[in-house]
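First comes the structure, then the notes that go with it.
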Amino acid sequence: MQLKVIGESIKDKKPEFNENEKRINELIRYLEHYNIDKYVEVVEDWLNSVKNSPVLEKIVQESTSNQYTYPYSPKYWPYGESQWGIVKKVLQNFITTSTATALYGPPGTGKTVLAEASANVFFKVLDKYIGLPDWAKKFTLYQMNPSSVKSAIWLSKEPTSNNGILEFRYVPQFLLLSRALGHVALLDEFTHAPEDIQGFLNSIFELSEVDTPYGRLPVSPLSKLVIAYNPPSWSNTARSLSYTIENRVGLKISVDMPSREDLLTLAKGETDAPDFLIKYAVSLVLEARKQNSKSSIRQILSLCKILSRDIKALDEEEFSEVHSSILKSANQDEKVFIKRVAGRLWIQDDDVLKILNNKDYRYFISFLNETGYPDFVELVTGILHEEEWHGLVLDQLP
């Protein structure tokens, strides 16, 4: 029996460096129309004004030692044309205004990843113009949902102000730190926050100075605020965005589920799963969302990472026997089963015999054989959060 291993390495799946550089250069040419040079001059002036500041030195130390501080370097890169288009708009707002950027849409569509990708590209673009210190090139995630363990605001004292100036000790420290140091800060799940917290954070949007225990610092021109939220029309627990905050947002961008092709690009960059499995995972999640599932981009990546393995391709005799056994386990009409699987593997052919001889279909059957059909169904429905929605279990998979 001849054995063949399929699958591709992580290295092969990662975006090409040259392609990333090409994208950055295209973005720089676009931003030149919006006076990015003048923005860089402002950043340089700020760096010169604070480089010998003892207050800033203390704040940098604070940002790495405080237990409620969660800044981290951005790592996500935009995937697909739709994401690059959104990042392009976000960066335009970053360099032309000091206003916040809002990303809104249904849960699970990648708003958080988009914010982090925007931070990554923002600092990458600036690296072409100016040498920024490492402590400034950070992305800070700030969860507004009270149920989140990452939400530092629920661990601090009740926010107050003194003569209209926000006091450091009453504010989640890393949020003010991010304003002083020049981080890109994401206020995530914003409409899940209580109204009084939303109202309080309204003041954060227009700060010109940060009052710290060591002295005052100007808000860095690098500091950018992004808010991400699910409007009430998409979430029963979300509140409406307050009128005052909405008017302080310079740019609002609707974020929907990326295209099938863009999701394939994402998964190829984040997992080492073989193409046929990535295509299957993408198809399942998109189908599930049409039936009001909570499945999201996270489930695509989970399916790819949890299910991925090296597969031994079956020879002709084994394939026929295994295929018949799987059809029996599935208790489905043969043609319906074959065409459904073909559709989820992006095989566009109505000829059943051609589908049976398609390499992706044969790999998938080999994969089901090694995983075990019942175990596969149970694992996939669990990853899709099947218990939380009222779909038809996508006709009992696969």
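The values are calculated or read from the model by the stated rules, or taken from the named source; none is laboratory data. These numbers come from a predicted model, not from an experiment. Virtual Cβ from ideal backbone geometry, glycine too; neighbours counted across all protein chains shown. These accessible areas exclude ligands, DNA and RNA; they are computed on the full protein's heavy atoms, side chains included. Shrake-Rupley method; radii C 1.70, N 1.55, O 1.52, S 1.80 Å.
One table, with the values for the structure above:
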read-out: Protection proxy ranking, peptides 252-265, 40-53, 216-229, average beta carbon neighbours within 10 Å, highest first; value: 216-229, 252-265, 40-53
read-out: Tyr214/Asp349 FRET efficiency (R0 56 Å; Cβ-Cβ; nearest 0.05); value: 0.25
read-out: Residue-normalised accessible area of the stretch 210-319, expressed per residue, 1.4 Å probe, Å²; value: 45 Å²
read-out: Additional length obtainable on full extension of the chain from Glu378 to Glu261, 0.36 nm per residue less Cα span; value: 39.4 nm
read-out: When each of Lys124/Lys268; Lys335/Lys359; Lys138/Lys294; Lys51/Lys111; Lys51/Lys75; Lys290/Lys312 is checked by Cα-Cα distance, pairs over 24 Å; value: Lys138/Lys294; Lys51/Lys111; Lys51/Lys75; Lys290/Lys312
read-out: Cβ crowding within 10 Å averaged over residues, with 176-188, 202-214 ranked highest first; value: 176-188, 202-214
read-out: Burial order of peptide ranges 111-121, 298-308 (average beta-carbon count within 10 Å, highest first); value: 111-121, 298-308
read-out: Simple label model, 7 Å out from Cα along Cβ direction - Ser73 to Asp127, nm; value: 0.8 nm
